[in-house]
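Reviewing the structure listed below.
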Amino acid sequence: MLFLLRRLASFVLTLGFTSLLVFAVLEWLPGNAAQVILGETATPESIAALEQKLGLDQPPLTRYLSWVGALLQGRTGLSMAYDVPTFELIAERLQVTLPLAVLALAITVVLALAAGLYAASRQNRAGDVGVMTLSQLGLSVPNFWLAILLVLLFAVQLGWVNAGGFPGWTEAEGGGVAEGLRALLLPALALAAVQTAILTRVTRSAVLDVLREDFVRTARAKGLSRQQVLWGHALRNALIPVLTIMGLQFGNLITGAIVIENVFVLPGLGRLVFQAIANRDLVLVRDVVMLLAALVIAINLVVDLATLWVDPRLRGRQGATHAA
């Protein structure tokens with residue numbers, strides 16, 4: 001319980017520091033948001049009136065405290081460009097970005113665990129060398145370049161999927177769950193390539209370390225097959241570093257979707273951020289960045305708790321540390 005309280009306190013403090021950093025960085029950006037919105041032909045009077053409406057005439061500290069106070073109450077500001085609460089815009093775009101990141105993570109986990117276990121079970125043999133070569137290739141290929149290649153192959157040449165766009169999750173929008181997943185498949189593959197290569201290497205290394213332990217040799221001596229040892233003993237005990245990397249990767253997948261969404265013309269957070277930056281909609285940019293930071297921090301907290309569940313020995317170590 002004490003460990004959980006400490007992690008929650010760290011979560012809150014990290015969020016507070018992140019909010020201050022995000023606000024300060026956006027404040028230092030050059031240019032005038034009211035000028036951008038109204039255009040170069042706007043009069044000084046109209047610019048001053050819009051600045052007053054948007055609250056830009058108030059001191060930075062006042063605006064920061066007002067922003068944080070509103071977030072704590074569950075309220076978000078009005079988008080400067082769209083004149084609607086940023087929560088509505090973000091919630092609408094998350095319906096694309098979050099499923100995209102989850103699908104990419106699922107592809108990453110399935111491929112990486114299978115490839116990592118396969119490579120570890122064939123250390124220094126042809127299968128191991130082949131998997132490591134493919135993972136090195138995956139690390140060296142930029143995901144946006146791979147996305148373009150996937151579009152050229154599967155959309156342009158083969159015609160299996162559309163080159164871009166998103167039909168929606170319901171039939172009323174002209175799509176459906178199957179059509180939505182089909183539209184997200186290529187973007188998810190492009191996102192998952194690098195993360196799969198990383199997780200494959202981590203899985204292989206972690207499993208090889210476990211296979212050298214005495215309890216693995218004991219399990220083999222009891223007559224368990226190599227597959228039973230790999231899946232029932234080695235993988236379970238190798239999950240701690242794997243889970244840690246998976247948590248970091250999910251945050252990377254959400255933020256990495258910003259670029260991929262623009263390649264595939266997906267109406268997710270990525271396109272929303274680019275549009276907000278182009279319109280100098282600092283309120284919207286600030287809330288999106290804060291949301292992404294909060295998601296990454298929350299995921300790290302979940303990973304910490306998951307590692308305690310996977311390896312009960314860590315709970316004993318935490319208790320011994322606090323007792324000392």
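Please report, in debye to the nearest 20, how large the charge dipole of the chain is about its Cα centre when each Lys and Arg carries +1 at its beta carbon and each Asp and Glu carries -1 there.
1880 debye
FRET efficiency for Gln73 and Lys53, Cβ-Cβ distance as r, R0 = 30 Å, nearest 0.05?
Step by step, r from the Cβ atoms, then E = 0.90.
Take the Cα atoms of the stretch 119-161, build their convex hull, and give its volume per residue in Å³.
Each residue corresponds to 91 Å³ of Cα convex hull volume.
If exposed trypsin sites (Lys or Arg not before Pro) are those in a DSSP loop with at most 12 other Cβ within 10 Å, what is the longest stretch of the chain that has none? Write out the running numbers ahead of the final one.
Values: sites that count: Arg75, Arg125, Arg212, Lys222.
That gives 223-324 as the longest site-free run.
Rounding to the nearest 10 and keeping the result within 0 to 90°, find how far the Cα-based axis of helix 86-121 lies from the longest principal axis of the chain.
Roughly 20 degrees between the two axes.
Along Cα→Cβ, 7 Å out, is where each label goes; now give me the distance between the ones at Ser205 and Ala178 in nm to one decimal.
4.3 nm
Once R0 is set to 30 Å, what does the formula 1/(1 + (r/R0)^6) return for the Cβ-Cβ distance between Leu8 and Leu248, expressed as a FRET efficiency to the nearest 0.05?
Here the calculated transfer efficiency is 0.90.
Would you compute, from DSSP H runs of 4+ residues alone, the mean residue ellipticity of the chain at 222 nm, taking -39500 (n - 2.57) per run and dividing by the full residue count, rounded to the nearest 500?
Taken over the chain, the calculation gives -24500 deg cm²/dmol.
Of Thr196, Thr108, Thr41, which has the largest mean-square fluctuation in a 10 Å C-alpha GNM of the chain?
With Cα springs under 10 Å in the chain, the top fluctuation among Thr196, Thr108, Thr41 is at Thr41.
List the longest stretch of the chain that has no exposed loop site; here a site is one of the GluC sites (Glu not before Pro) assigned by DSSP to anything other than H, G, I, E or B, with at most 15 other Cβ within 10 Å.
The longest such stretch corresponds to 41-212.
Once the dipole of the chain is set up with Lys and Arg at +1 and Asp and Glu at -1 on Cβ about the Cα centre, which of Ile240, Ala34, Met80 lies farthest towards its positive end?
Sorting the options by dipole projection puts first Ile240.
Compute the length gained on full extension between Val102 and Val259: take 0.36 nm times their separation in residues and subtract their Cα-Cα distance, giving the result in nm to one decimal.
Taking Val102 through Val259 to full extension adds about 54.9 nm, to one decimal.
Do any chymotrypsin sites (Phe, Trp or Tyr not before Pro) in the stretch 199-252 lie in a loop, going by DSSP, with at most 12 other beta-carbon atoms within 10 Å of their beta carbon, and if so which?
Within the stretch 199-252, no chymotrypsin sites (Phe, Trp or Tyr not before Pro) qualify (loop, at most 12 other Cβ atoms within 10 Å).
Roughly how big is the stretch 1-157's charge dipole about its Cα centre, with Cβ charges of +1 (Lys, Arg) and -1 (Asp, Glu), in debye to the nearest 20?
860 debye
Could you point to the residue in Ala9, Val68, Leu149 farthest towards the positive end of the stretch 1-158's charge dipole, with +1 and -1 charges on the Cβ of Lys/Arg and Asp/Glu respectively?
Result: Ala9.
Which distance in Å, rounded to a whole number, links the C-alpha centroids of the stretch 141-187 and the stretch 91-131?
After rounding, the separation between the Cα centres reads 19 Å.
Label the chain by shape, choosing from rounded, prolate and oblate, from the square roots a ≥ b ≥ c of the eigenvalues of the Cα gyration tensor; if a/c is under 1.5 it is rounded, and otherwise prolate applies when a/b is larger than b/c, oblate when it is not.
Judged from the Cα gyration tensor, the chain comes out oblate (a/c at least 1.5, b/c at or above a/b).
Quick check for you: with a 1.4 Å probe and neighbouring chains kept, what is the accessible area per residue of the stretch 85-125, in Å²?
46 Å²
Near Ser79, within a Cβ-to-Cβ distance under 10 Å, what is the net charge of the other residues, with Lys and Arg +1 and Asp and Glu -1?
-4
On a 0 to 90° scale, report how tilted helix 239-263 is relative to the longest principal axis of the chain, with both axes built from alpha carbons and the result rounded to the nearest 10.
Long axis of 239-263 versus the principal axis of the chain: about 40 degrees.
Can you compute the FRET efficiency between Ser46 and Glu88 using 1/(1 + (r/R0)^6), with r the Cβ-Cβ distance and R0 = 25 Å? Round to the nearest 0.05.
It comes out at approximately 0.40.
What figure, in Å² to the nearest 10, do you get for the accessible area of Thr133 with a 1.4 Å probe and non-protein molecules left out?
Per-residue accessible area (Thr133): approximately 90 Å².
May I ask you to list the chymotrypsin sites (Phe, Trp or Tyr not before Pro) in the stretch 73-142 that are in a DSSP loop and have at most 15 other Cβ atoms within 10 Å of their Cβ?
Counting only loop positions with at most 15 other Cβ atoms within 10 Å, none of the chymotrypsin sites (Phe, Trp or Tyr not before Pro) in the stretch 73-142 qualifies.
Any idea what the dipole of the stretch 136-237 comes to, in debye rounded to 20, about its Cα centre with Lys/Arg Cβ at +1 and Asp/Glu Cβ at -1?
So the dipole magnitude of the stretch 136-237 works out to roughly 740 debye.
The values are calculated or read from the model by the stated rules, or taken from the named source; none is laboratory data. Bear in mind that the values here come from a model prediction, so they are computed numbers and not experimental data. Glycine gets a Cβ as well: all are built from the backbone with ideal geometry, and neighbour counts include every protein chain shown. Quick note on the areas: whole protein, heavy atoms, side chains included, nothing else; ligands and nucleic acids left out. Shrake-Rupley method; radii C 1.70, N 1.55, O 1.52, S 1.80 Å.
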